[in-house]
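> One structure, pasted below without further comment.
Readers should treat all values here as calculations from the given coordinates under stated rules, not as data from a laboratory. It should be emphasised that the depicted structure is a prediction, and the values quoted were computed from it without experimental measurement. Note that each Cβ is placed from the backbone with ideal geometry, even for glycine, and that neighbours are counted across all protein chains shown.
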Amino acid sequence: MSPVFLALAASVTAPALKEKPAPESTLLGEWVPVSVTVGGRPSPPSSDRWAFRPDGTWAISADGKELASGPLTGNPKRSPGTADLVDAASGIVNLCRYEVIGDTLTLSVGHCRAGRPAGLDPAPKATVWEFKRVVKKD
């Protein structure tokens, strides 16, 4: 067998190298608001940082002061995912839908009695946030 033919035969039968899977897009982490739409109308963000923590809690802050926080539950397997943000101070449960694509989070928060938003598009009874993930430098 010629060396060229042997090399070609080996390359055809050699297993392909597997690419590393892309990191899972997750709600967990810290996020900076880019835009917010309240009831279908653009509005300036009232906070500058949101955090979704591995311990099952969330927090919103502005100028380094915590504005709201509480327990977080949800279903990331749905598309879009669902999240329930319970405000620890008031007990109000905000029903949400979200989607994470790369380092961008879209979060649609249903207004208190309106229930969970149907989707991620701005609507009269929802507040839709767009965030960028905070990338921590080591």
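> Which value in Å does the Kirkwood hydrodynamic radius of segment 23-133 take, with 1/r averaged over all unlike C-alpha pairs and then inverted?
Numbers: mean 1/r = 0.0724 Å⁻¹.
About 13.8 Å, per the Kirkwood formula over Cα pairs.
> Another question about this same structure. Compute the orientation-averaged projected area for segment 80-138 from the convex hull of its Cα atoms and round it to one decimal in nm². Walk me through the numbers on the way to the answer.
Details: hull surface 20.2 nm².
Here the figure is 5.1 nm², rounded to one decimal.
> Hey, got a sec? Which GluC sites (Glu not before Pro) in segment 24-96 land in a DSSP loop and have at most 13 other Cβ atoms within 10 Å?
On the way: sites: GLU24, GLU30, GLU66; in loops: GLU24.
Answer in residue order: GLU24.
> With r as the distance between the Cβ atoms of LYS136 and SER43 and R0 = 25 Å, compute the FRET efficiency 1/(1 + (r/R0)^6) and round to 0.05. Please list the in-between numbers first.
Working: r = 28 Å, r/R0 = 1.13.
Result of the calculation: an efficiency of 0.35.
> Would you please give the residues with an amide H less than 5 Å from that of VAL34, counting only those at least 5 places away or on a separate chain, with H modeled from the backbone geometry?
So VAL34 has HN proximity to GLU130, PHE131, LYS132.
> List the trypsin sites (Lys or Arg not before Pro) in segment 46-93 that DSSP assigns to loop (not H, G, I, E or B) and whose Cβ has at most 15 other Cβ atoms within 10 Å. Which are they? Before the final figure, lay out the partial values.
On the way: sites: ARG49, LYS65, LYS77, ARG78; in loops: LYS77, ARG78.
Those that pass, being in a loop and sparsely packed, are LYS77, ARG78.
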